Amino acid sequence: MTSSIFDVLKERGYIAQCTNEEEVRGMLANEKVTFYVGFDPTADSLHVGHFLGLMVMAHMQRAGHRPICLVGGGTGTVGDPSGRTDMRKMLTDADIEHNCNRFKEQMARFIDFGEDKALVVNNGDWLRKLNYIELLRDVGAHFTVNRMLAAECYKNRMEKGLTFLEFNYMIMQSYDFLELHRRYGLKLEMGGDDQWSNIIGGVELTRRKTGDAVYGLTFTLLTKSDGQKMGKTAGGALWLDKEKTPVYDFYQYWRNVDDADVEKCLALLTFLPMEEVHRLGSLQDAAINEAKKILAYEVTRLVHGQEEADKAQSAAEAVFGGAGSSENMPTIQLADGDMGSRLLDILVAGGVFASKGEGRRLIQQNGLSLNDAKVTDPDCLLTEENLTDGEALVKKGKKKFYRLVK
RNA sequence: GGGUAGGUGCCCGAGUGGUUAAAGGGAACGGACUGUAAAUCCGUCGCCGUAGGCUACGAUGGUUCGAAUCCAUCCCUGCCCA
């Protein structure tokens with residue numbers, strides 16, 4: 001057997017670092033491998049960064065391997081200092097449990113948790129029971145502080161201060177690997193490239209404790225061509241939960257990615273065949289919009305399902321192309337008292353503007369339209385005449401649309 | 001515990017008694033240009049507002065006509081010593 005999922009992952013651009021490329025490649029080609037990716041429950045929803053990891057897991061599962069989703073009920077209480085300049089806010093146990101449950105629901109959209117096909121585990125189950133002295137003797141003896149301090153992930157914390165609490169994160173994550181190896185025969189840990197230090201910690205610990213060959217692999221972080229992290233919006237992260245990031249906004253985010261990032265996103269965030277990805281990625285100038293539409297639709301479909309993706313696409317076409325249905329664009333429900341009220345106040349109440357000042361400014365800058373006519377007066381009122389069939393369309397800036405419905 | 005340097009708007013960071021809603025940069029937002037792209041240029045970027053007012057520089061008190069700026073106490077962080 002020579003074909004390996006490893007090659008697929010590599011071709012699609014997922015792989016950043018690997019402990020032993022040839023051995024991992026061979027292992028993935030010749031046996032069913034149990035592997036894991038960890039997710040710390042720092043928020044009540046997964047975001048696009050996690051989605052990349054889920055895509056990798058999905059590819060692996062399709063190739064016959066068994067994924068373990070580890071939610072960090074234990075590590076989440078400590079907080080991973082990797083890539084952070086400040087200590088994370090401490091979460092309460094109740095928060096963590098709530099978040100863990102949400103994660104599980106969301107993961108089920110991408111991973112098949114059918115019989116023995118995949119597992120969800122919570123490292124709180126074993127980490128919380130650990131005895132300090134035992135752990136120190138058992139695990140602590142295998143780590144030298146010198147090596148740990150040299151780890152990339154602590155670099156920028158050496159200046160800002162790194163607490164002992166967070167310093168132990170690597171130990172805990174390494175212990176997870178060992179524990180999963182013992183419980184499930186785990187052979188491989190995967191994670192974002194920022195997890196490299198933590199992952200090799202686990203690989204080494206497990207090797208030393210058991211003598212078994214185990215491996216680590218990191219996947220590319222989702223970054224824009226200018227190096228910035230992808231998936232950040234004005235409102236923060238791009239969430240997979242539609243309550244936190246509306247599907248329409250989610251779709252629009254991908255519809256609007258930079259030309260330079262289109263091919264990469266198609267490869268990493270969709271299951272389209274690579275020939276198709278290359279073809280779409282090579283489109284030039286205005287034609288690349290075609291690729292962006294497909295990207296937006298596909299990613300939205302994977303995350304929110306076909307129906308939601310259709311709605312988002314339809315809403316986008318209604319707004320930008322004149323076709324499609326406007327029904328699914330963000331909607332503001334008008335109250336009875338709104339007729340004759342100031343448009344500005346209605347939009348602030350509807351969340352379109354964060355403050356009246358912001359709205360007023362936007363109007364002064366010619367950034368607001370009502371039914372395709374520029375609004376020039378900040379104090380203009382919304383009247384029945386503005387409505388057609390009980391609806392009006394408001395445009396904020398160049399491409400944010402809201403439907404007012406009575 | 002001792003010494004020392006700090007805590008400023010979304011982030012970084014200037015500012016050491018009035019001219020400071022607070023320089024500069026980044027992010028973000030609006031406009032022009034475009035392809036729902038990028039780059040560029042112009043503008044905006046605490047809240048309410050016609051004027052004008054209100055709130056804000058870790059927290060709480062105080063000095064002063066007037067404080068982000070001075071004093072006191074407290075909280076937090078870095079560094080050095082123990």
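Could you list, in sequence order, all residues of the stretch A:200-224 that are aliphatic (A, V, I, L, M), more than 20 Å from the chain's Cα centre (by Cα) and outside any loop (DSSP other than H, G, I, E, B)?
At the first step, the residues of the stretch A:200-224 found to be aliphatic (A, V, I, L, M) are A:200, A:203, A:205, A:213-214, A:217, A:221-222.
With the extra rule that they be more than 20 Å from the chain's Cα centre (by Cα), the set shrinks to A:200, A:203, A:205, A:213-214.
Of everything in the stretch A:200-224, those that are aliphatic (A, V, I, L, M), more than 20 Å from the chain's Cα centre (by Cα) and outside any loop (DSSP other than H, G, I, E, B) turn out to be A:I200, A:V203, A:L205.
Looking at A:D379, A:D336, A:D389, can you tell me which residue is within 8 Å of RNA strand B (Cβ to nearest atom), more than 31 Å from the chain's Cα centre (by Cα) and not assigned by TED's automatic domain parsing to the domain that holds A:K242?
A:D379
Condition (residue is closer than 28 Å to A:H59 by Cβ, touching an Asp or Glu at 6+ places or on another chain (Cβ under 9 Å), buried (at least 16 other Cβ atoms within 10 Å of the Cβ) and among the basic types (K, R)) applied to the stretch A:152-160: is it met by at least one residue? Spell out the reasoning first.
So in the stretch A:152-160, the residues closer than 28 Å to A:H59 by Cβ come out as A:152-153.
Cutting the leftovers down to touching an Asp or Glu at 6+ places or on another chain (Cβ under 9 Å) gives us A:152-153.
Restricting the remaining residues to those that are buried (at least 16 other Cβ atoms within 10 Å of the Cβ) gives A:153.
Retained after the next criterion (residues that are among the basic types (K, R)): none.
No, the stretch A:152-160 contains no residue that is closer than 28 Å to A:H59 by Cβ, touching an Asp or Glu at 6+ places or on another chain (Cβ under 9 Å), buried (at least 16 other Cβ atoms within 10 Å of the Cβ) and among the basic types (K, R).
Looking at A:E308, A:E263, A:E317, can you tell me which residue is part of a helix (DSSP H, G or I), assigned by TED's automatic domain parsing to the domain that holds A:L240, within 10 Å of RNA strand B (Cβ to nearest atom) and surrounded by 13 or more Cβ atoms within 10 Å (Cβ to Cβ)?
Details: A:E308 fails: within 10 Å of RNA strand B (Cβ to nearest atom); A:E263 fails: within 10 Å of RNA strand B (Cβ to nearest atom).
Result of the check over A:E308, A:E263, A:E317: A:E317.
Take the stretch A:320-333 and flag every residue that is outside any helix (DSSP H, G or I) and touching a residue at least 40 places away in the same chain (Cβ under 8 Å).
Initially, the stretch A:320-333 is screened for residues outside any helix (DSSP H, G or I), giving A:321-325, A:329-333.
Hits for the stretch A:320-333 are A:M329, A:P330, A:T331, A:I332, A:Q333.
Say whether the condition of being charged (D, E, K, R) and touching a strand residue (DSSP E or B) at 6+ places or on another chain (Cβ under 7 Å) is met by at least one residue in the stretch A:153-172. Even if it seems obvious, please write down each step before you answer.
First, the residues of the stretch A:153-172 that are charged (D, E, K, R): A:155, A:157, A:159-160, A:166.
Next cut, touching a strand residue (DSSP E or B) at 6+ places or on another chain (Cβ under 7 Å) only: none.
No, there is no match, as no residue in the stretch A:153-172 is charged (D, E, K, R) and touching a strand residue (DSSP E or B) at 6+ places or on another chain (Cβ under 7 Å).
Got a sec? Which of A:G79, A:G53 is modelled with pLDDT under 95 and farther than 20 Å from A:D241 by Cβ?
A:G79 is the lone residue from the list that is modelled with pLDDT under 95 and farther than 20 Å from A:D241 by Cβ.
Of all residues in the stretch A:375-406 being out of contact with any strand residue (DSSP E or B) (no Cβ under 7 Å at 6 or more places or on another chain) and of a type in the set (K, R), which is surrounded by the fewest Cβ atoms within 10 Å (Cβ to Cβ)?
Restricting to residues being out of contact with any strand residue (DSSP E or B) (no Cβ under 7 Å at 6 or more places or on another chain) and of a type in the set (K, R), the top hit is A:K398.
Name the residues in the stretch A:349-373 that are within 9 Å of RNA strand B (Cβ to nearest atom) and either aromatic (F, W, Y) or not in a loop (DSSP other than H, G, I, E, B) (or both), would you? Reasoning before the result, please.
Step one: of the stretch A:349-373, the residues within 9 Å of RNA strand B (Cβ to nearest atom) are A:353-369.
Result: A:F353, A:K356, A:G357, A:E358, A:G359, A:R360, A:R361, A:L362, A:I363, A:Q364, A:L368, A:S369.
Can you pull out the residues in the stretch A:238-260 that are of a type in the set (A, V, I, L, M) and either outside any helix (DSSP H, G or I) or near RNA strand B (Cβ under 10 Å from one of its atoms) (or both)? Working first, answer last.
Taking the stretch A:238-260 first, the residues of a type in the set (A, V, I, L, M) are A:238, A:240, A:247, A:257, A:260.
A:L238, A:L240, A:V257, A:A260 - these are the residues of the stretch A:238-260 that are of a type in the set (A, V, I, L, M) and either outside any helix (DSSP H, G or I) or near RNA strand B (Cβ under 10 Å from one of its atoms) (or both).
For A:L283, are the conditions met, namely being of a type outside the set (K, R), assigned to a loop (DSSP other than H, G, I, E, B) and modelled with pLDDT of 90 or more? Before you say what the answer is, go through the steps one by one.
Working: of a type outside the set (K, R): yes; assigned to a loop (DSSP other than H, G, I, E, B): yes; modelled with pLDDT of 90 or more: yes.
Against the criterion (of a type outside the set (K, R), assigned to a loop (DSSP other than H, G, I, E, B) and modelled with pLDDT of 90 or more), A:L283 qualifies.
Which of the residues that make up the stretch A:334-348 are in contact (Cβ under 8 Å) with a residue 40 or more places away in the chain, among the charged types (D, E, K, R) and in a helix (DSSP H, G or I)?
Passing the criteria: only A:D338.
Would you point out which residue out of A:L283, A:L295, A:L269 is outside the structural domain of A:N371 (by TED's automatic domain parsing), farther than 17 Å from A:V394 by Cβ and away from RNA strand B (no atom under 13 Å from the Cβ)? Steps first, answer last, please.
Values: A:L283 fails: away from RNA strand B (no atom under 13 Å from the Cβ); A:L295 fails: away from RNA strand B (no atom under 13 Å from the Cβ).
The conditions single out A:L269.
Kindly provide the set of residues from the stretch A:261-295 that are aliphatic (A, V, I, L, M) and closer than 23 Å to A:I111 by Cβ, ordered by number. Step through it out loud before you land on a result.
Here is the first cut: in the stretch A:261-295, the ones aliphatic (A, V, I, L, M) are A:262, A:266-269, A:272, A:274, A:277, A:280, A:283, A:286-288, A:291, A:294-295.
Correct list: A:L266, A:A267, A:L268, A:L269, A:L272, A:M274, A:V277, A:L295.
The values are calculated or read from the model by the stated rules, or taken from the named source; none is laboratory data. For clarity, every value in this text was computed on a predicted model and none was experimentally measured. A quick note on method: Cβ atoms are made from the backbone with ideal geometry, for glycine too, and the neighbour counts reach across all protein chains shown.
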